[in-house]
1. Mind checking the per residue accessible area of segment 130-188 for me, 1.4 Å probe, whole number of Å²?
2. Whenever you get a sec, compute what percent of the accessible area on segment 146-212 sits on carbon and sulfur atoms (1.4 Å probe).
3. From the cross-link list LYS61/LYS191; LYS29/LYS180; LYS61/LYS201, which pairs have alpha carbons spaced over 22 Å apart?
4. Between segment 194-212 and segment 53-101, what is the separation of their alpha carbon centroids in Å?
5. Cα to Cα, under 14 Å, and not fewer than 8 places away if on the same chain: which aspartates and glutamates meet these conditions relative to LYS150?
6. Sort 122-134, 177-189 by the packing proxy (mean of other Cβ within 10 Å over each peptide's residues), most packed first.
7. Given axes a ≥ b ≥ c from the Cα gyration tensor, I'd like to know whether segment 119-211 is rounded (a/c under 1.5), prolate (a/b larger than b/c) or oblate.
8. At a Förster distance of 30 Å, what's the computed FRET efficiency of GLN148 paired with GLU62, Cβ-Cβ distance as r, to 0.05?
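The values are calculated or read from the model by the stated rules, or taken from the named source; none is laboratory data. Worth saying up front: this structure is predicted, and the values here are computed from it rather than measured. Note: ideal-geometry Cβ built from the backbone for every residue, glycine included; neighbour counts use all protein chains shown. These accessible areas exclude ligands, DNA and RNA; they are computed on the full protein's heavy atoms, side chains included. Shrake-Rupley method; radii C 1.70, N 1.55, O 1.52, S 1.80 Å.
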Amino acid sequence: MKRMLALLPLLFALALTQSATEILDRVEKNLQDPWQAVVQGLVQGPSGQEELRARVFALPKENLFRIEFQKPGSLEGNFTVITEKEVWNYLYLTNQLIISPKEKAQVQGLGFSPQGLGDLKGLSERVALRVVGEERLPEGTAWKLLGQAKEGQGFASLELYILKSDPRPVRFVFRDEAGKVLADLKVVEFKRAALRAQDLKRYPKDAQVVRR
């Protein structure tokens, strides 16, 4: 009996790990069709806290995502395209399209890697997530997942909230190693949409393409 009691914490931890995987599988199945949404909230920028607003367009079956930044002013007009292996960052002020390997890409002036805003499956490969409970949000009850990020992600830990009634992410909280919030972002205006790959990949024809 004592041995069994000693094993309970381990069994409980394993159950939570399996639940996190199961939840992310539900999200993946629920978000197979093209969709779009708005991500908005506060981020810690170079000059202090700033408001972020971006539109996300997703073609999950093609591993293709596009994030168009509207706020802060320093990122307005910029966009990020996430493909299966690369991240394209378009800089409006310099009219440059910077193409980087997916594992190295960050958005200049944002302070953390943005890929997870659209590509939740890819994010889960870079953050060891576990279920820590449930929380009631304005959208409804959500699972709360917590995880530590691998090195080079631009953030140390992540809180991720997944809506139970319609499995999809509704909030991201990114923190640094000291626990300071780098970004607290909510996903709003979610809807399924008719999207095409060529539209998500479009960029100005006269842009300078730089590979890193």
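1. Numbers: 2800 Å² over 59 residues.
In whole numbers, segment 130-188 has 47 Å² accessible per residue.
2. On the way: 1830 of 3920 Å².
Using a 1.4 Å probe with all protein chains present, segment 146-212 comes out at 47 percent carbon and sulfur.
3. Numbers: LYS61/LYS191 16 Å; LYS29/LYS180 33 Å; LYS61/LYS201 15 Å.
Violating the 22 Å limit, Cα to Cα: LYS29/LYS180.
4. Segment 194-212 and segment 53-101 have Cα centres spaced 9 Å from each other.
5. Straight-line reach from LYS150, under 14 Å: GLU103, GLU125, ASP176, GLU177.
6. Values: 122-134: 17.1, 177-189: 15.2.
The packing order, highest mean first, is 122-134, 177-189.
7. On the way: a/c = 2.42, a/b = 1.33, b/c = 1.82.
Oblate shape, in that a/c is at least 1.5 and b/c is the bigger or equal ratio.
8. Details: r = 30 Å, r/R0 = 0.99.
Efficiency for this residue pair is about 0.50.
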